[in-house]
């Protein structure tokens, strides 16, 4: 049996534990949309209905997930829209350096543009061949496998292009601004001048 390679301080748990802050939102397809706004190259806001999101090109990513609490789950298969596709459909202004991923109830997670553009970063609609469950983020969940889970909001509703960094929900509450599991970057006190 092959022993998985884990980031420092992580331990494998079975299944896929549910973890989130606040209540589980109710999906209302007639009111739901995904927006891209902020510093777009055109200065306009872009919007897609859920039906339109499902018609976009898709990809499948198989990856492990790492929580800042120290748990890891292995071998997840996600299917959905590559996040990099949004940068083609709704180009950012040249000076954009970061994005804020917005979810239901005002939850937010900031990412460097390069992290959002990562080849495995996905706006997932499915997990293991089935639509996401509502507890795991249906209808749309941002998956950023190379960062801790708090950088990948469930119930994704918008991407804001930013010309300077701004902390998201957990980052404002003492979590690390970059969230790299391979360097153990869990808490804001670990940040250096570049963090």
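The figures follow:
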quantity	calculated
Count of residues meeting criterion [loosely packed, with under 15 Cβ neighbours inside 10 Å and part of a loop (DSSP other than H, G, I, E, B)] in region 34-48	5
Unique match (being modelled with pLDDT under 95 and either closer than 21 Å to residue 4 by Cβ or in contact with a strand residue (DSSP E or B) (Cβ under 7 Å, 6 or more places away or on another chain) (or both)) among 108, 69	69
Tally, over region 142-178, of residues that are assigned to a strand (DSSP E or B) and without any contact (Cβ under 8 Å) to a residue 60 or more places away in the chain	1
Residue match in region 122-130 (condition: within 22 Å of residue 47 (Cα to Cα), surrounded by fewer than 23 Cβ atoms within 10 Å (Cβ to Cβ) and over 11 Å from the mean Cα position of the chain (by Cα))	yes
Region 49-70, residues that are more than 18 Å from residue 156 (Cα to Cα), assigned to a strand (DSSP E or B) and touching a helix residue (DSSP H, G or I) at 6+ places or on another chain (Cβ under 8 Å)	66
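The values are calculated or read from the model by the stated rules, or taken from the named source; none is laboratory data. Here the structure is a predicted model, which is why all the values come from computation and not from measurement. Neighbour counts are summed over all protein chains in view; Cβ atoms, including those assigned to glycine, are modelled from backbone coordinates with ideal geometry.
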